[in-house]
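**Q** Please read through the structure below; I'll follow up with questions.
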């Protein structure tokens, strides 16, 4: 069985290699090859899962040591995989959703001449993501960690001819690199503290380190998580990442890659358990981001960017839950999985809408689409109900548990976190209802002539009819709707399935060592509050966007709205603090290097031997004289040694 | 006694002579001659690598002959794991350099643009093609000798002598500047070549003084002066040789100065951007990937082994200079407008990493530094050679003259990206392993410095991605339209380098196995041991087992987890109290 883990990772890796190196000969079949490799990986994942379920809970973890990677005196890194319940959960999510999105992309990227390469990158992503969750040590995890970053870079910038896409890709990579500095330093700290960075060595004995050491490691891991999972203060790249094709947004920037930070923190639970200060930092980051993302999501008129804000916010919930410690880990992962279903579904739905609307992304130019795209409407609607936590659907169960756990943290901290989580739930209901109403209900704001002003914002995308032509909204082909339907099933039933008999909790127990927290208020009251918050959010949104007609051009809006449209000024801040400062710095250094460092050296040279005049001679072609003078130097050496011997 | 090392160095030297002798009209024959000789050298170097036993003697394949008896100069060769790895790298890269520069030295077939290039007269006299390839082989021979020499004087001769062919390679052969002012280009080239020569000569002269000084000291204390590394080490071991504190420091500085110019270390780096910018891409690769490695290699072999105490004394300053190099080089790379100068500054940053790793004086640091030399050679070769292909297509080195290349030449863009990703040390590609080893090796002794150097990885990503974005993405520029993709010869140059980057990224073990024991020897020369981890996990394991036995761990799993958590807490407390 262990050997199958290699196949799990190897299949998509091979696929990426074949598709990217294969060249144009594979253009016609490329996407099907990509699907074959992705499906293989999923099938192997299922086999491993079936095998795992058949074993006792404590004996389920598999280990596969492939080879010694970096063997140096005192330092040992291996290429070895570990498949336990936590990794298994991710494997099924990644390969399952990944395969569905491969199928979806066949239709979505149909008109793109570089479709083969797109599938190559998708396969590369799957392989890297699987390495990330299967690695048995932090250094190999790092390989997957940056590998998904690379795939994300390539896919955000897939339409490279668009400067905005190329810029967004670069930005994503750079911001992630800042987070990677954190992961690097965390690994180095583990090495100096424990002499190793293998999970099996560091984690069980994490408690033998001092609280200070664990806090330092924990904070560095948090920095890494902030980068990958778009948490404040490293959140700014995710909105721009929507430049990528929509299937990419669904798979990488919603369902899987961006949740890697949650995985990292949960995996490193033993470190955080011993570092309360780091945990406080984690919950703070989570709580701030969940509100931040939600506010941004309220203001965006671009459907994908609204969903991106939502992703940020939902991951904020997960990070917060993970920061709660053993009372929260399992719920962080549970919300991660349900979110994987409904958010991927929502993005695919958004893609389907764009597909039928000439790649228009401005929701103010949608309206009344439910009649034209019934399947998209129903699947998107189910995803919507799931994310706002409509009782009975998956988001209800997973979010409710997190809010409960937040209160159970205890003390003032518990009250604050719980209240923030409730507030977040209300805002979530508001902005998602807004998306729903703007897109599928109300008047048709697209009919007739689309506003030519908007053309610069429009995604030219995949060779669709020229921008500016009147859209003819239509339902998407089966290859796109079937994945949406399947994901909708997940959005509806996953939560119930996981919660009955505490199935999910028991499944992850050997990894997360769950503890029941004591909430100051009863579970029933928490649920009541959550549902109330949701109803309030929905009602306000309905009052604002459902009852009255929506203007096709956004009103000026309040100060907060305008700030939120600009992502709460994050880019303005980054621009001033880093981009401008950095550009002055580099320009200053270039000047300095030329005038001062180089100038001083040249000046010294001229000073020492009147070299400058000789330099002119050299430039006139008397270079050989220098060769002679050099051998002259050797002669001096010989003479000097002779003299030395004579003296001695 | 074996002659393998002599043969490895002599083959390219003979090749140089033969290539230079090919008649003027037979340019293609000259190219093939050079390629064949470089491949023969590769075979010999490969044999040396194969014959080298990592767990055997420190220096192997040794040769020793008296040369100039009067001055104690010996013809002594020998390689440790570090040297044999670098000789292999050199021999590996030269065929790629030759193949990439296949047409670089051909005389212009027809006067482009109607104007006769300024260098035309010289080129006819020089038989440029023959000269170009002969000089490359000459450099190879001298570099191999520098790596193999275990006699200070012998090393010095080749360390200095390689400046001559390099000077002519930089000054005599430049890019075809399509449409640009040829006379101006020739002037720039000439300036770069002279600057290269003067900087390195200055270093060489200072080193010469130190070499003489070393001879004087040995002559004084041992009776007979010697340049032999083995003899000097043996004498010091036996206590017969004890260089005074200040004397050792002065000698160390003399050696280090020369190596720091060659490496190059901030603030002695300014010759490199000129030299790499003005020379053709294959020569730029020769400079940064091959010749400069002699500088960092020499720090390991000569500075640390001959002057261990002075090395220790100078370490803090060198480490700070290395850290400055890392950040400074990277930031300047960000600010460059010229592709080749950008890569040159990136190399300065990378040399900072190498020197940092060497002087961190840990197993990880020095293993990383040595592996870094190998990986940097390959990755820079890949990036620079593709850049050269790109530049020759457009006749311009300016980043702003490109845009949208990926649309018209996707293979070129793809290989350029892989080279760039290797340069920014993406995990999965070879440079990541070496860079991480350097960082972790530095961090384990100097935490703050390790953190500062780690920040360098962000800037590394910045200059690579900016370069890629500005040249390859965006709308296709009019001048780029119709740019041909890589030709078969060019793919044959780049593909093996990329394959090697991937292979060594996933499986660096074969190289590390060769390097690791040699690094162990070097560290024991300088009396350094690796810092121990704060926590001895073995002891913790034993303790836990003992505790487990005492408690009789028959309780349920949940209970066991509970007690463990409790133990954890108390453990943390006691540790906290210690601090």
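The values are calculated or read from the model by the stated rules, or taken from the named source; none is laboratory data. Source: prediction; values computed, not measured. Cβ: placed from backbone, ideal geometry, glycine included. Neighbour counts: every protein chain shown.
**Q** Can you go through A:488, A:552, A:494, A:564 and tell me which one is surrounded by 14 or more Cβ atoms within 10 Å (Cβ to Cβ) and closer than 17 Å to residue A:431 by Cα?
**A** A:564
**Q** Regarding residue A:592, is this residue assigned to a helix (DSSP H, G or I), within 11 Å of chain B (Cβ to nearest Cβ), under 30 Å from residue B:337 (Cα atoms) and at pLDDT 75 or above?
**A** When the stated conditions are applied, residue A:592 passes them.
**Q** Oh, and also: Quick one: in the range B:450-468, of everything that is more than 19 Å from residue B:383 (Cβ to Cβ) and either outside any helix (DSSP H, G or I) or more than 7 Å from chain A (Cβ to nearest Cβ) (or both), which residue is nearest to the chain's Cα centre (by Cα)?
**A** Here the residue is B:453.
**Q** Could you go through the range B:158-173 and let me know if any residue there is over 19 Å from the mean Cα position of the chain (by Cα), within 9 Å of chain A (Cβ to nearest Cβ) and farther than 29 Å from residue B:82 by Cβ.
**A** The answer is yes, given that some residue of the range B:158-173 is over 19 Å from the mean Cα position of the chain (by Cα), within 9 Å of chain A (Cβ to nearest Cβ) and farther than 29 Å from residue B:82 by Cβ.
**Q** Answer yes if at least one residue in the range A:304-314 is part of a loop (DSSP other than H, G, I, E, B) and either touching a strand residue (DSSP E or B) at 6+ places or on another chain (Cβ under 7 Å) or not assigned by the TED database to the domain that holds residue A:174 (or both), and no otherwise.
**A** no
**Q** Filter the range B:323-339 down to the residues that are farther than 21 Å from residue B:372 by Cα, assigned to a helix (DSSP H, G or I) and more than 7 Å from chain A (Cβ to nearest Cβ) and list them by number.
**A** The one that is farther than 21 Å from residue B:372 by Cα, assigned to a helix (DSSP H, G or I) and more than 7 Å from chain A (Cβ to nearest Cβ): B:339.
**Q** Turning to a different aspect of this structure: With the checklist (1) within 14 Å of another protein chain (Cβ to nearest Cβ); (2) within 18 Å of residue A:205 (Cα to Cα) in hand, flag the one item residue A:279 doesn't pass.
**A** Unmet for residue A:279, out of (1) within 14 Å of another protein chain (Cβ to nearest Cβ); (2) within 18 Å of residue A:205 (Cα to Cα): (2).
**Q** Next up: What residue, of B:225, B:178, is modelled with pLDDT under 90 and surrounded by fewer than 21 Cβ atoms within 10 Å (Cβ to Cβ)?
**A** Being modelled with pLDDT under 90 and surrounded by fewer than 21 Cβ atoms within 10 Å (Cβ to Cβ) holds for just one of B:225, B:178, which is B:178.
**Q** Another question about this same structure. Just to confirm my filter: which helices (runs of 4 or more DSSP H) fall fully inside the range A:509-589 and include at least 2 residues that are touching a helix residue (DSSP H, G or I) at 6+ places or on another chain (Cβ under 6 Å) and outside the structural domain of residue A:445 (by the TED database)?
**A** A:559-565
**Q** Out of the range B:59-84, which residues are more than 14 Å from chain A (Cβ to nearest Cβ) and within 21 Å of residue B:509 (Cβ to Cβ)?
**A** Hits for the range B:59-84 are B:60, B:79, B:80, B:83, B:84.
**Q** Yes or no: residue B:403 more than 9 Å from chain A (Cβ to nearest Cβ) and without any contact (Cβ under 8 Å) to a residue 60 or more places away in the chain?
**A** Judged against the criteria, residue B:403 is not a match.
**Q** What is the number of the single condition among (1) more than 7 Å from chain A (Cβ to nearest Cβ); (2) in a loop (DSSP other than H, G, I, E, B) that residue B:494 does not meet?
**A** (2)
**Q** Give just the number: which of (1) surrounded by fewer than 18 Cβ atoms within 10 Å (Cβ to Cβ); (2) assigned to a helix (DSSP H, G or I) does residue B:484 not satisfy?
**A** (2)
**Q** Select from the range B:201-239 the residues that are within 17 Å of residue B:157 (Cβ to Cβ) and free of Cβ contacts under 8 Å to residues at least 24 places away in the same chain and list them in ascending order.
**A** B:205, B:212
**Q** Next question, about the same structure. Among the residues in the range A:238-255, are any part of a helix (DSSP H, G or I), touching a helix residue (DSSP H, G or I) at 6+ places or on another chain (Cβ under 8 Å), surrounded by fewer than 24 Cβ atoms within 10 Å (Cβ to Cβ) and at negative phi?
**A** Scanning the range A:238-255 turns up at least one residue that is part of a helix (DSSP H, G or I), touching a helix residue (DSSP H, G or I) at 6+ places or on another chain (Cβ under 8 Å), surrounded by fewer than 24 Cβ atoms within 10 Å (Cβ to Cβ) and at negative phi.
**Q** Output the number of residues of the range A:365-386 satisfying the condition of being in a helix (DSSP H, G or I) and surrounded by fewer than 19 Cβ atoms within 10 Å (Cβ to Cβ).
**A** Adding up the residues that qualify gives 6.
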